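Participant: There's a structure below that I have some questions on.
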Amino acid sequence: MFYNANADIVFNVVFNLTSEIYYGWWLRNIHANGASFFFLVVYLHMARGAYYSSFSYPRQLVWISGSIIWILMIATAFLGYILPWGQMSFWGAMVITSLLGALPGLGADILLLLWGSYSIDNTTLHRFYSLHYTLPFVIFMLTIVHFALLHEFGSNNGLGVVVFLDNIPFIPYYGIKDGFSIIVVLILFFLFVIIAPDKLGHSDNFILANSLVTPAHIVPEWYFLPLYAILRSVTNKLLGIFLIACAIICIVLFPFFCKGFIIRSTMFKPIYAIVIWFFFIICFLLGWIGSLPVMSPFFEIGQLVTILFFLCFIVFFSSNRINWESDLSFIYRISYADSNPCLHKNKFNRS
């Protein structure tokens, strides 16, 4: 209601919104920190799904729809980060969008369509503001699809087995459990909003955007850092775009990389547990490298970690030829199947 997508005044408009508008600081801090906490819980959600192999048959579409939501979240957050029109906002937009110009053939036309001009100016700001407002509605519709697919096939469990007899009602058991988790996250969230609202941001973004002065170290928001580290691990723009595209495609198609799993729980796949923890450490290292300057030895470490990132997916892709399961899983399958009549129709009919 108070934002004005005009490059000449937008920086002062945002400052006025937080200092003069009644409870404007409250709304803006909730909005800015809410994005970070939203990505935090989404990353934890994806990590838990990968750890317990919740993407396995028949839930491949659940993972794919969730991954598409994650991609749209990245796009929405990137567009929103540009709107305050600070130094980091402007140069972050310049660096990321200019990558499209490296695409052969249509790169320059795509960049001109996105900017609406030959440089980032008022037209670009208007377009990004419109997209930032529109994409959340698309995310909301895809979230409904995500829930519908989850409702179709049901949720996974820690053991990764199909249980028909030991079900418990969602309310009050899981309702109390999830409610407690929500309260803990909200307490941490409002501590950031009230005490340290700018802790997750960058100090350069409190400087008015200046196209003639480049920041010493361009750093995106923390939830972009792993992809940013992959992008800058190479010096060629086109190759960087290719690596990011490959990383996103590998995450979206993760169920097809690991389609060889039988028992889905990591409790019975010790080798997979080691590999997936190694993959989580690699993602954390990518985020750490992305926050550091492009200089030796960080640049070389980033290249090594990027290679290890894609090496993990090569190992996942080889899952059909690797025995992820221990002898314990085989013993468990036999003992559980014998004790669960729903898994043996003949035994169930005889009883």
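Participant: How would Thr266, Thr97 line up from fewest to most surrounding beta-carbon atoms within 10 angstrom? Let's see the in-between values first.
Facilitator: Working: Thr266 22, Thr97 18.
Starting with the residue having the fewest Cβ neighbours, the order is Thr97, Thr266.
Participant: Something else now. Using only alpha carbon pairs under 8 Å that are at least six residues apart, calculate the relative contact order of region 10-350 and give it in whole percent.
Facilitator: Result for region 10-350 is 23 percent.
Participant: Please say if region 156-282 is rounded, prolate or oblate, where rounded means a/c under 1.5 for a ≥ b ≥ c the square roots of the C-alpha gyration tensor eigenvalues, and otherwise the choice is prolate for a/b larger than b/c and oblate otherwise? Mind dumping the intermediate values first?
Facilitator: Values: a/c = 3.47, a/b = 1.39, b/c = 2.49.
It comes out oblate by the Cα gyration axes.
Participant: How big is region 1-156 on each of its three principal axes, counting only the C-alpha atoms and giving the largest first in Å?
Facilitator: 53, 49, 23
Participant: Using the crude model of +1 on Lys and Arg Cβ and -1 on Asp and Glu Cβ, and no other charge, please compute the dipole size for the chain relative to its Cα centre, in debye to 20.
Facilitator: In total the dipole reaches around 1100 debye.
Participant: Using θ = phi - 60° and the Karplus relation 6.51 cos²θ - 1.76 cosθ + 1.60, list the HN-Hα couplings for region 135-152 in order, rounded to whole Hz, with x at every Gly or Pro.
Facilitator: Once rounded to whole Hz, the list reads 4, x, 5, 5, 4, 5, 5, 5, 5, 4, 4, 4, 5, 5, 5, 5, 5, 5.
Participant: Which value at 222 nm does the chain reach when only helices count, each DSSP H run of 4 or more adding -39,500 (n - 2.57), with the total divided by all residues and rounded to the nearest 500 deg cm²/dmol?
Facilitator: Values: 14 runs with 221 residues, N = 351.
Taking each H run of at least 4 residues, the total per residue is -21000 deg cm²/dmol.
Participant: Quick one: grab the alpha carbon gyration tensor of region 208-275, order the square roots of its eigenvalues as a ≥ b ≥ c, and give me rounded if a/c is under 1.5, else prolate or oblate depending on whether a/b is larger than b/c. All intermediate terms of the calculation are to be shown ahead of the outcome.
Facilitator: Working: a/c = 3.75, a/b = 2.55, b/c = 1.47.
Judged from the Cα gyration tensor, region 208-275 comes out prolate (a/c at least 1.5, a/b above b/c).
Participant: Take each of the peptides 51-57, 73-79, average the number of other beta-carbon atoms within 10 Å over its residues, and list them starting from the highest.
Facilitator: Numbers: 51-57: 19.9, 73-79: 17.9.
Highest mean packing first, the order is 51-57, 73-79.
Participant: Would you order Lys237, Lys269 from fewest to most other beta-carbon atoms within 10 Å of each residue's own beta-carbon? Please list the in-between numbers first.
Facilitator: Working: Lys237 16, Lys269 24.
Fewest-to-most Cβ neighbours within 10 Å comes out as Lys237, Lys269.
Participant: List, in order, the whole-Hz ³J(HN,Hα) value for each residue of region 175-186 obtained from phi through the Karplus relation with A = 6.51, B = -1.76, C = 1.60 and θ = phi - 60°; use x for Gly and Pro.
Facilitator: The phi angles translate into x, 5, 4, 5, x, 5, 4, 5, 5, 4, 5, 5 Hz.
Participant: For a quick check: sort Cys258, Cys250 by the number of other beta carbons within 10 angstrom, fewest at the front.
Facilitator: Details: Cys258 24, Cys250 18.
Lowest count first: Cys250, Cys258.
Participant: I need the shape label for region 183-236. Rule: rounded when a/c is under 1.5, else prolate if a/b > b/c, else oblate, with a, b, c from the alpha carbon gyration tensor. Don't jump to the answer; show the numbers that get you there.
Facilitator: Values: a/c = 4.91, a/b = 1.54, b/c = 3.20.
The shape class here is oblate.
Participant: Taking the chain, how much of its Cα-Cα pair set, in percent, is spaced more than 38 angstrom apart?
Facilitator: Above the 38 Å cut-off, the chain has 27 percent of its Cα pairs.
Read-outs: derived from the displayed coordinates by stated rules, not from any lab. None of these values were measured; they are calculated from a predicted model. Neighbour counts are summed over all protein chains in view; Cβ atoms, including those assigned to glycine, are modelled from backbone coordinates with ideal geometry.
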